[in-house]
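Report on the following structure.
The values are calculated or read from the model by the stated rules, or taken from the named source; none is laboratory data. Predicted, not measured: the structure shown is a model, and the values here were computed from it. Here the Cβ positions follow ideal geometry from the backbone for every residue, glycine too, while neighbour counts run over all protein chains shown. Areas reflect the complete protein model, heavy atoms only, side chains present, ligands, DNA and RNA absent. Shrake-Rupley method; radii C 1.70, N 1.55, O 1.52, S 1.80 Å.
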Amino acid sequence: VQLQASGGGLVQAGGSLRLSCAVSGVIFSLNDMGWYRQAPGKQRELVASITSNYGTKYADSVKGRFTISRDNARSTLYLQMNSLKPEDTAVYYCWTVVRYANYWGQGTLVTVSS
């Protein structure tokens, strides 16, 4: 299973970014997927998740600002991030679980300047 995240970068507060995660080695359409993030000195936290049936959940801190989506034809997961805040600065990881084993991408750094 491989997850390749991209799309991070430096953005000013109030700006937007879209993260992508290309997935291989699994039947993408059957897998629940998610995005986690880890800020310096903090624990990794779940940002958003999407089930194989397109059900979504969000952390309270990003509700109304972030949107998770998936393109099964392209085996790609997305995270649209709007109205970014400095506290959104973190390394973002895409995630999936296969047969009770967790898999993570390599992470993509998002830095939001004030």
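Would you kindly state how much longer the chain becomes between residue 114 and residue 54 on full extension, computed as 0.36 nm times their sequence separation minus their alpha carbon distance, in nm to one decimal?
18.2 nm
Ignoring any ligand, DNA or RNA, what whole percent of the accessible area of the chain comes from carbon and sulfur when the probe is 1.4 angstrom?
Working: 2970 of 6230 Å².
The C+S portion of the solvent-accessible surface of the chain is 48 percent.
What accessible area per residue, rounded to a whole number of Å², is obtained for the chain using a probe radius of 1.4 Å? Numbers along the way, then the final one.
Details: 6230 Å² over 114 residues.
That works out to 55 Å² per residue.
Using Cα pairs closer than 8 Å and at least 6 residues apart in sequence, work out the relative contact order for the range 1-75, in percent. The partial results should precede the final answer.
On the way: 94 pairs, mean separation 17.6, N = 75.
Relative contact order here is 23 percent.
Would you work out the charge dipole size for the chain about its Cα centre, treating the Cβ of every Lys and Arg as +1 and the Cβ of every Asp and Glu as -1, and quote it to the nearest 20 debye? If you can, show how the numbers build up before the last one.
Working: 11 positive and 6 negative charges, 9 e Å.
Dipole about the Cα centre, nearest 20: 40 debye.
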